[in-house]
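Read through the structure below, which is laid out as structure tokens, and then see the notes.
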Amino acid sequence: MLYLCIDLIAVYLFGMYKIKRIAAIIMMCLAFFCQAAPPSAPEGEAPPSAPEGATIVSTLDSETIEAPSGAVGGASSPQLGETRGAEDDMAALQEMVAVEGLGLHSQLKTKFVEGSAGFMSLVAMALVIGLALCIERIIYLTLSEINARKLLRDIEKRVDADDVEGAKTLCRDTRGPVASICYQGLMHADEDIATVERSIVSYGTVQSGNLEKGCSWIRLMIAIAPSLGFLGTVIGMVMAFDQIQEMGDISPRIVAEGMKVALITTIFGIIVALVLQVFYNYILSKIERLTSQMEESAIDLLDIIMKHKRSLTTR
């Protein structure tokens, strides 16, 4: 309910202009990504218990950690190594159990925090801005699609009845680039056919540019997201080597932590690029469909106007 209210407020405040639509969609995306974690259990209720296997392993690890009272000399070093290994295994198991108890959204937020908030925030911003641009283009292109054949049949009926003004009114009241091109051609219906064709071609170029608005920014987000992930990977590796240098020892835990942070940024960057690429290809397919529809409609409109001119000369 909270997210629905935020979405409605965003649409109300920002209206339906292009930049304002994008801002409203960005707020919707942020409202989704900022979803709160699941509430904790109320007081008096015990938290959910770990799986039975985890309890058994924890008990075994605690038994392994206890050193026998008679251990001396050379036996202490192997036992210390076994103790550390048992502690690492128990910590990894507890972390795995905790992650399994969370939802997908909470797991993503956990990995987001683990992957260096600085670079992960940049990757998340690329995702939010890219999704906002994609959603805005998809809405615009979907609203631009009409039944072009039906529109041209209605135009032809009105033009055959010498009702060119009625055909203009029909095009003016119909949304989409196809209707705009037809209106532009009908505006010059009294002139020679070459002038009508030039007018349609020129206005069609303008409409094609309107369909592709924002696509360059989507391509930019697709290129930026994995680049930021790779940059975070390199910096994470450098930080891991700095920690090794400070500790003076190559500990598997230190190396694993640095590698984990580095690889998480790369994974998220690639995921963002893949998601945006799917939306971008879908947008391109809609633009190609609308462009071919505009070209076919322009040819049919020219035929209608030529037929009307011939009928006027034969009278």
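Summary table below
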read-out	value
Qualifying residue in the stretch 132-142 (condition: without any contact (Cβ under 8 Å) to a residue 60 or more places away in the chain, farther than 30 Å from V234 by Cα and either open to solvent by less than 40 Å² (accessible area, probe 1.4 Å) or among the charged types (D, E, K, R) (or both))	no
Residue check for V261: within 28 Å of the chain's Cα centre (by Cα) and open to solvent by less than 70 Å² (accessible area, probe 1.4 Å)	yes
Subset of the stretch 174-190 [assigned to a helix (DSSP H, G or I) and either free of Cβ contacts under 8 Å to residues at least 40 places away in the same chain or within 20 Å of K309 (Cα to Cα) (or both)]	A179, S180, I181, C182, Y183, Q184, G185, L186, M187
In the stretch 174-201, the residues that are open to solvent by less than 70 Å² (accessible area, probe 1.4 Å) and either over 20 Å from D154 (Cβ atoms) or among the charged types (D, E, K, R) (or both)	I193, A194, T195, S199
Candidate set: the stretch 158-168, residues that are part of a helix (DSSP H, G or I) and exposed (fewer than 14 other Cβ atoms within 10 Å of the Cβ); chosen: the one modelled with the highest pLDDT	E165
For C171: the one exception among (1) crowded, with 19+ Cβ neighbours inside 10 Å; (2) in contact (Cβ under 8 Å) with a residue 24 or more places away in the chain	(2)
Residue ID - nearest to L131 (Cα to Cα), chosen from residues in the stretch 249-258 that are open to solvent by 70 Å² or more (accessible area, probe 1.4 Å) and part of a helix (DSSP H, G or I)	E257
Residue in the stretch 209-228 that is surrounded by 16 or more Cβ atoms within 10 Å (Cβ to Cβ), of a type in the set (S, T, Y) and within 35 Å of the chain's Cα centre (by Cα) present	no
Check on V196, farther than 19 Å from S208 by Cβ and more than 38 Å from the chain's Cα centre (by Cα)	no
Among residues of the stretch 274-315, those that are open to solvent by 20 Å² or more (accessible area, probe 1.4 Å), β-branched (V, I, T) and closer than 30 Å to L133 by Cβ, counted	3
One residue from I222, I235, I264, I193 being in contact (Cβ under 8 Å) with a residue 12 or more places away in the chain and closer than 30 Å to D160 by Cα	I193
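The values are calculated or read from the model by the stated rules, or taken from the named source; none is laboratory data. The model shown is predicted, which means the values in this text are computed figures rather than measured ones. FYI the Cβ positions are ideal-geometry reconstructions off the backbone, even for glycines, and counts take in every protein chain you see. Accessible surface areas use protein heavy atoms only, side chains included; no ligands, DNA or RNA. Shrake-Rupley method; radii C 1.70, N 1.55, O 1.52, S 1.80 Å.
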